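Reviewing the structure listed below.
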Amino acid sequence: MPVRYERAELPLKLDGVAAARNFFSGCLAELDPAVETLWVAHLDGEARCLHLSRHDGDPGGVGLPLRSILVDAAHHGSSAILLAHNHPSGDARPSESDLRATRRLAIAAEAIDCRLIDHLIFAGANCASFRGLGYL
């Protein structure tokens, strides 16, 4: 799975679902909606973006690269992580694999004193928040 790293323009602040939704909807709008793409934002203690990465999947899905996300978190001294990806199916509900991978990442991130703030799923005009749904 190809990974493209983006340099976050500081001081991008992602301090809430509305700010995150607005930012990531712009990121996803520029990409092919038929292909799943995962965005990972690494944040400092003030919710400022330290690092942003994009992981491209295919029409059937995108993996959650736990190891590389955690390596980036340690490298950048992230206090928090925020995830966003799209569902080409048009259904913003998390899949079982989304739920399992997100829980694993939340537990692993906690071990390095980093908090998974939320995981947003975009499907057309709809957006689901793991935290809002009670999964985090």
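The values are calculated or read from the model by the stated rules, or taken from the named source; none is laboratory data. All of these numbers come straight from a predicted model, not from anything done at the bench. Counting neighbours? That spans all protein chains shown, and the Cβs are built from the backbone with ideal geometry, glycine included. These area figures cover heavy atoms from the full protein model, side chains too; ligands, DNA and RNA do not enter into them. Shrake-Rupley method; radii C 1.70, N 1.55, O 1.52, S 1.80 Å.
A few comments on the model shown:
- Only listed residue being outside any helix (DSSP H, G or I), without any contact (Cβ under 8 Å) to a residue 24 or more places away in the chain and not β-branched (Val, Ile, Thr), chosen from Gly90, Gly134, Gly45: Gly134
- When residues of the stretch 49-79 are limited to those that are hydroxyl-bearing (Ser, Thr, Tyr) and closer than 24 Å to Leu31 by Cβ, the one nearest to the chain's Cα centre (by Cα): Ser53
- Every residue from the stretch 28-42 that is assigned to a strand (DSSP E or B) and either more than 23 Å from Ala92 (Cβ to Cβ) or open to solvent by 20 Å² or more (accessible area, probe 1.4 Å) (or both): His42
- Among the residues making up the stretch 36-64, those that are out of contact with any strand residue (DSSP E or B) (no Cβ under 6 Å at 6 or more places or on another chain) and over 16 Å from Leu12 (Cα atoms) are Gly57, Asp58, Pro59, Gly60, Gly61, Gly63, Leu64.
- Some residue of the stretch 109-117 being at pLDDT 95 or above, closer than 19 Å to Leu14 by Cα and assigned to a helix (DSSP H, G or I): yes
- Every residue from the stretch 78-90 that is surrounded by fewer than 19 Cβ atoms within 10 Å (Cβ to Cβ) and at pLDDT 95 or above: Ser79
- When Val71 is tested against (1) of a type outside the set (Phe, Trp, Tyr); (2) modelled with pLDDT of 95 or more; (3) surrounded by 19 or more Cβ atoms within 10 Å (Cβ to Cβ), only condition (3) is not met.
- A Cβ distance below 9 Å, combined with a sequence gap of six or more or placement on separate chains, defines the contacts here; from the stretch 13-31, residues that are β-branched (Val, Ile, Thr) reach residues that are open to solvent by less than 80 Å² (accessible area, probe 1.4 Å) and not in a helix (DSSP H, G or I) in the pairs Val17/Asp118; Val17/Leu120; Val17/Cys127; Val17/Ser129; Val17/Gly132.
- Within the stretch 48-66, the set of residues being surrounded by fewer than 16 Cβ atoms within 10 Å (Cβ to Cβ) and either in a loop (DSSP other than H, G, I, E, B) or at pLDDT 95 or above (or both) comprises Pro59, Gly60, Gly63.
- Qualifying residues in the stretch 116-131 (those that are surrounded by fewer than 16 Cβ atoms within 10 Å (Cβ to Cβ) and either in contact (Cβ under 8 Å) with a residue 24 or more places away in the chain or in contact with a Cys (Cβ under 8 Å, 6 or more places away or on another chain) (or both)) - the one nearest to Leu64 (Cα to Cα): Arg131
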